[in-house]
1. Among the residues in region 191-201, are any among the aromatic types (Phe, Trp, Tyr) and either part of a strand (DSSP E or B) or within 14 Å of the chain's Cα centre (by Cα) (or both)?
2. Within region 353-382, can you find the residues that are among the aromatic types (Phe, Trp, Tyr) and farther than 16 Å from residue 189 by Cα?
3. Inside region 10-24, can you point out the residues that are without any contact (Cβ under 8 Å) to a residue 12 or more places away in the chain and over 17 Å from residue 96 (Cβ atoms)?
4. Give the number of residues within region 238-262 that are among the hydrophobic types (A, V, I, L, M, F, W, C), in contact (Cβ under 8 Å) with a residue 40 or more places away in the chain and in a helix (DSSP H, G or I).
5. Which strands (runs of 3 or more DSSP E) does region 1-110 wholly contain that include 1 or more residues that are aromatic (Phe, Trp, Tyr) and out of contact with any Phe, Trp or Tyr (no Cβ under 7 Å at 6 or more places or on another chain)?
6. Considering only residues that are open to solvent by less than 10 Å² (accessible area, probe 1.4 Å) and under 21 Å from residue 291 (Cα atoms), which ones fall in region 175-217?
7. Limited to region 119-129, what total is found for residues that are in contact with a strand residue (DSSP E or B) (Cβ under 8 Å, 6 or more places away or on another chain) and open to solvent by less than 70 Å² (accessible area, probe 1.4 Å)?
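The values are calculated or read from the model by the stated rules, or taken from the named source; none is laboratory data. The structure displayed is predicted, hence computed values, not measured ones. Methodologically, a virtual Cβ is constructed for each residue, glycine included, from the backbone with ideal geometry; neighbour enumeration extends over all protein chains shown. Surface areas here come from the heavy atoms of the whole protein model, side chains and all, with no ligands, DNA or RNA. Shrake-Rupley method; radii C 1.70, N 1.55, O 1.52, S 1.80 Å.
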Amino acid sequence: MLITLPSVLALDELRAGNRIRQIAERTPQAEGTLTPFTRDRIRGSLFRSDTNGEETLIIPKKVPLPAGILRVVEGNVPANTDVVDLRNGTWLKHPSQRGLVFDYRREIAEVLESWAGAFSYGQEDIRLGIKGLRGPQIGAVHRVHAHWTVSDTPATIVMPTGTGKTDTMLSILVSAVCTKVLVVVPTDALRTQIAEKFLTLGILKEPGSPVLHGSAKCPIVGVLQHIPRNAAEVDEVFGRCHVIVTTSSIAGQCETAIQDRMASYCSHLFIDEAHHAEAPTWSAFKARFKERRVLQFTATPFREDGRPLDGEIIYTYPLKKAQEEGYFKPIRFRPVVVFNRKRVDEAIAKAAIEQLRADFDKGHILMARAETVARAKEIFKLYEQYPEFKPVQ
């Protein structure tokens, strides 16, 4: 039997209402045997690894744990299957989980030390089933290192959507051994997505990927969800993390002294979807990082107001090249015909949800886009009727 277990978190805590995490072991897989387990009214399954004999108890719900078992996962094991996926389960007990005392400074130093010399430009080869970096990602990382040999001025990387900007960020983080990075994104949803990528190190730590040596550790990642009220709250988060991910709205609304405090901690500022960032408050925030290395990532070199982005464009991967390389897939158009204008939004939502359900096993997501906030709120009510998909606005 092949089993995939949840990632093991070495750290998972809240500081000033902001979540800070670090992965000790990413979704471990193992071959072994599964047997029924019953003790002290606890019922579950006991998995024994063929490789090292390690035992993991799998129980359907959290209960007082039996003594003598070092690894316990909360999750459900389907019947009559040779492949069990528990990635969405929760570790209730694991030797790598830290106790109440966590030495952040020592851990940060150990992570940075583990990155030194651990990165390589292993390239993806789909035909041979080799995981790795794509051509545009490798090109962008080389250009960043070349730029930093001659300049510390802000730089912009232009890569079409789908070519892998986030894994490019991760590659720069590790290959340059960046000591502390603030990553700014335009939306809450993107903040969650990017934070998860930095937490796992994406393709760099994928099983079978040659990009990063196995000894390289995952960073401590904080998600800044609230505007810090004072310097102490900045210290609570920035003093404990390698990577902090937040939105341009939160960053821009911070008081000047708070922004200066954030910048004082950071060695680098990464800005994702930089073409969204044209507000005066946001520009003032970026100015606080003039002594830091700033990288902007975008699919277009023009801001939403039509003006060009500031910062030298050091790398552009052409849209035509992305099409030729197969990074874009054909679009299948599904028309929705409704003659009653009042029912148009409802009909589109119904058809979209039907398609999402049909694609459930493919891991697809559904995005509805509107021109104004008012229209977005109106349309969102239609998708709130499907709570199983956890819609967000």
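1. The first filter runs over region 191-201 and keeps only residues among the aromatic types (Phe, Trp, Tyr), leaving 198.
Subset that is either part of a strand (DSSP E or B) or within 14 Å of the chain's Cα centre (by Cα) (or both): 198.
Looking for residues that are among the aromatic types (Phe, Trp, Tyr) and either part of a strand (DSSP E or B) or within 14 Å of the chain's Cα centre (by Cα) (or both), one finds at least one in region 191-201, hence yes.
2. At the first step, the residues of region 353-382 found to be among the aromatic types (Phe, Trp, Tyr) are 360, 380.
Within region 353-382, just 360 meets the criteria.
3. Hit for region 10-24 is 14, nothing else.
4. Going through region 238-262, the residues among the hydrophobic types (A, V, I, L, M, F, W, C) turn out to be 238, 241, 243-245, 250-251, 254, 257-258, 262.
If we keep only those that are in contact (Cβ under 8 Å) with a residue 40 or more places away in the chain as well, we get 238, 241, 243-245, 251, 262.
If we keep only those that are in a helix (DSSP H, G or I) as well, we get 238, 251, 262.
Qualifying residue count for the region: 3.
5. Numbers: elements: 2-4, 8-15, 18-25, 29-39, 42-49, 55-59, 72-74, 83-85, 90-93.
The strands (runs of 3 or more DSSP E) meeting that bar are 29-39, 42-49, 90-93.
6. So the first thing to find is which residues in region 175-217 are open to solvent by less than 10 Å² (accessible area, probe 1.4 Å), and the list is 178, 181-185, 194-195, 198-199, 201-202, 204, 211, 216.
Passing the criteria: 178, 181, 182, 183, 184, 185.
7. To start, the set of residues in region 119-129 that are in contact with a strand residue (DSSP E or B) (Cβ under 8 Å, 6 or more places away or on another chain) comprises 119-124.
Within this subset, residues satisfying the condition of being open to solvent by less than 70 Å² (accessible area, probe 1.4 Å) are 119-120, 122, 124.
Total satisfying the criteria: 4.
Condition check ((1) open to solvent by less than 60 Å² (accessible area, probe 1.4 Å); (2) not hydrophobic (A, V, I, L, M, F, W, C)) across all residues:
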position: 6; (1), (2): yes, yes
position: 10; (1), (2): yes, no
position: 37; (1), (2): yes, no
position: 62; (1), (2): no, yes
position: 69; (1), (2): yes, no
position: 106; (1), (2): no, yes
